[in-house]
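Read the structure below first, then the notes.
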Amino acid sequence: MSTETNPGPGITGGGGAEEDMAANRRARRLLFGCAAITVVTTLAIFFVLLDNAASYFFGARFTEMLLGASAERSVTFTEFFTGARWAPDHATPAHGVLPIVFGTLAITVGAAFVSIPIGTATAIYLSEYASDGVRAKLKPTLEILAGIPTIVYGYFAIAFINPVVLSPIAETLFGINIGRYSMLSGMLVVGIMTIPMVSSISEDAMSAVPDDLRNGAYALGATKFDVSTKIVLPASISGVFASYILAVSRAIGETMAVTLAAGFNANITPNPFDEIMTMTAYMVSMARGTTAVGTVEYQSLFAVGLLLFVMTLAMNLCNDWFKRRFQEEYR
Amino acid sequence: MATDHESEPTTNDAQLITTDVQATGTGRNGEPTEPVVTARDLDVHYGAEQALNDVDIDIPEHRVTAIIGPSGCGKSTFLRCVNRMNDQIDSCRIDGELSFHGKNVYDEDVDPVALRRKIGMVFQKPNPFPKSIYDNVAYGLRVQGMAGDVDLDAAVERALRGAALWDEVNDQLDSSGLDLSGGQQQRLCIARAIAPDPEVILMDEPTSALDPVAASKIEDLIDDLADEYTVIIVTHNMQQAARISDKTAVFLTGGNLVEFDETPTIFENPADDRVEDYITGKFG
Ligand SMILES: Nc1ncnc2c1ncn2[C@@H]1O[C@H](COP(=O)(O)OP(=O)(O)O)[C@@H](O)[C@H]1O
Ligand SMILES: [Mg+2]
């Protein structure tokens, strides 16, 4: 250390200060770079989807148009958004996206009817009723369920839910012969898959409710059920609702399980034993490699992908809005 | 029982109560009072640790009984025995007898939910529910299934008046209980406790989280409450015990009830030296 300069009150850090601050700046830049990668990737995905989807609707990508390619109508928005037949790869093609949007929404709603009640009840059980011993066993089990690859759920649907559980029911009760795939099987398997998501996030929210509130209610002669439903659930509602939205987003984007469970037949049907096709299932079937780049069916992938992207984005915005609207109220 | 080593093998509840009346003496108006809560040989353990040791006490009706003593001497534990809130604590084990109107609350046929409907509780930290003021006060009536039988609006008003809060909140019953100040929140919790009209109100250091002005409002309120309810209040503030209570129980380390008597006697002329030391600040 140089002795000529005024050492000050000991806050300049001596000779190493310059290097420390430089290292600090480097760390900061590195961390920012990592954070930026995710943002850039998201933007890039959105841009690629948008650019390619343009060629589906306008006959040329935006980037091509900038270079002088002329826009000519290929598939009209009216046909895309209102047409009731989806068969872009057919000899007589049809470009109405509604049947596969129906497929996706039907699976999502059906799955929510499975995952939300069962997941919420499981969360209440874990947080309010289960003894420490039971909780210690049940929680890891649920986490295992959440970690199973979705393709395995798909095989579970195709090998068990559909043939062993649903087929006899359809046959004996309704006289319907069900095929390899069914909408109901897709709803059930996606519902089961997303139970752990609902239960684990909801349970975290419920456990965070202070015991003071529970004791206040017990001291007034509330039963465990009163406390669970009238104190804990309302107090944790924003976290619980976040888990629902997450599960629904997951169901919208779910691909492998739903493709194997619900099938490849794009149609709008009220019959839960019918084969249907979701947006993701369509994308899987088109992306298998036999589809030539530049064909309309290739371009349709990006249009459907973009629509899916927008739907999940809407769910996320909904989640943010709800979080702000229903802040956890207890201190 | 086959092996009864009591000196009086025929002791039953009725006899217990008669002797206790003599032991308890007279109430505020000079009439004899019956004990509402009685403990006999009450031992409480948390796991291996003993929190109450052989406690015997008769708590009189319609009076304020203060429980004082140093931190960790079992005051809260005793209070939680009375309404069985100790049931919530897995490691807690209770031996001996704790009776409410002569009935041991730890008998197998006692439903703790029903018991808590007769014994309200106010906690150290104000803990209003994240609900409206109205719903906070109505909560007990609703869970107790009384909401259909009584005029809920009138009951809520009565409880808020009883807790000296009505004038401050009558125009904002729909706003959240959490928007009130700390002292108001605690009075809301008192209103919530008295709304279902219990017989006993347990208070565990109800003013220790409040500023002195808010605390003194609660103290005034406690005095009024004793006209209708039996109040058992834990406090580590001896001046407060001296100001507001009729009788005082002194617990000392190890969960022992050392002395229980009229409050002036405890503070001016305690029988036990350890109590004298504690009161004068030599101990605890
Ligand atoms: N939930 C509990 N689990 C284990 N031990 C406890 C629990 N509550 C209190 N205790 C123990 O019991 C003793 C008495 O505690 P408490 O009744 O809270 O005393 P006080 O209210 O007089 O301060 C203390 O030693 C405390 O550590
Ligand atoms: Mg205490």
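The values are calculated or read from the model by the stated rules, or taken from the named source; none is laboratory data. Remember, predicted model here, so these are calculated numbers, not experimental data. Quick reminder, even Gly has a Cβ in these numbers, built from the backbone with ideal geometry, and neighbours come from all protein chains shown. The accessibility values were calculated without ligands, DNA or RNA, using every heavy atom of the protein model including side chains. Shrake-Rupley method; radii C 1.70, N 1.55, O 1.52, S 1.80 Å.
Things to note:
- Where residue B:201 falls short, out of the listed (1) touching a Leu at 6+ places or on another chain (Cβ under 8 Å); (2) within 16 Å of ligand 2 (Cβ to nearest atom): (2)
- For region B:69-104, a residue qualifies if it is open to solvent by 20 Å² or more (accessible area, probe 1.4 Å), within 16 Å of residue B:202 (Cα to Cα), within 14 Å of chain A (Cβ to nearest Cβ) and assigned to a loop (DSSP other than H, G, I, E, B), and exactly one does: B:84.
- Condition check for residue B:126: more than 28 Å from residue B:37 (Cα to Cα), in a loop (DSSP other than H, G, I, E, B) and either open to solvent by 10 Å² or more (accessible area, probe 1.4 Å) or facing another protein chain (nearest Cβ under 10 Å) (or both): no
- Long-range neighbours under 8 Å by Cβ, at least six apart or interchain, first residue farther than 26 Å from residue B:199 by Cβ within region B:70-83, second near ligand 2 (Cβ under 9 Å from one of its atoms): B:70/B:236; B:71/B:236
- Residue B:118 vs. criteria within 14 Å of another protein chain (Cβ to nearest Cβ) and either of a type outside the set (A, V, I, L, M, F, W, C) or open to solvent by 10 Å² or more (accessible area, probe 1.4 Å) (or both): yes
- Residues being farther than 18 Å from residue B:206 by Cβ, open to solvent by 10 Å² or more (accessible area, probe 1.4 Å) and either at the interface with chain B (Cβ under 7 Å from one of its Cβ atoms) or not in a helix (DSSP H, G or I) (or both) - total across region A:214-223: 1
- Residue check for residue B:113: assigned to a helix (DSSP H, G or I), out of contact with any Lys or Arg (no Cβ under 8 Å at 6 or more places or on another chain) and within 25 Å of residue B:61 (Cβ to Cβ): yes
- Residues (of a type in the set (Gly, Ala, Ser) and either in contact with an Asp or Glu (Cβ under 8 Å, 6 or more places away or on another chain) or not assigned by TED's automatic domain parsing to the domain that holds residue A:187 (or both)) located in region A:233-285: A:235, A:236, A:238, A:239, A:262, A:263
- Assessment of region B:27-41 against the conditions (more than 16 Å from ligand 2 (Cβ to nearest atom), modelled with pLDDT of 90 or more and open to solvent by 20 Å² or more (accessible area, probe 1.4 Å)) yields at least one matching residue.
- Remark: residue B:82 falls outside the filter, which requires a residue to be at pLDDT 95 or above and away from ligand 1 (no atom under 16 Å from the Cβ).
- For region B:146-182, filtering for residues that are touching a helix residue (DSSP H, G or I) at 6+ places or on another chain (Cβ under 8 Å), more than 24 Å from residue B:118 (Cβ to Cβ) and more than 14 Å from every other protein chain (Cβ to nearest Cβ) leaves 7.
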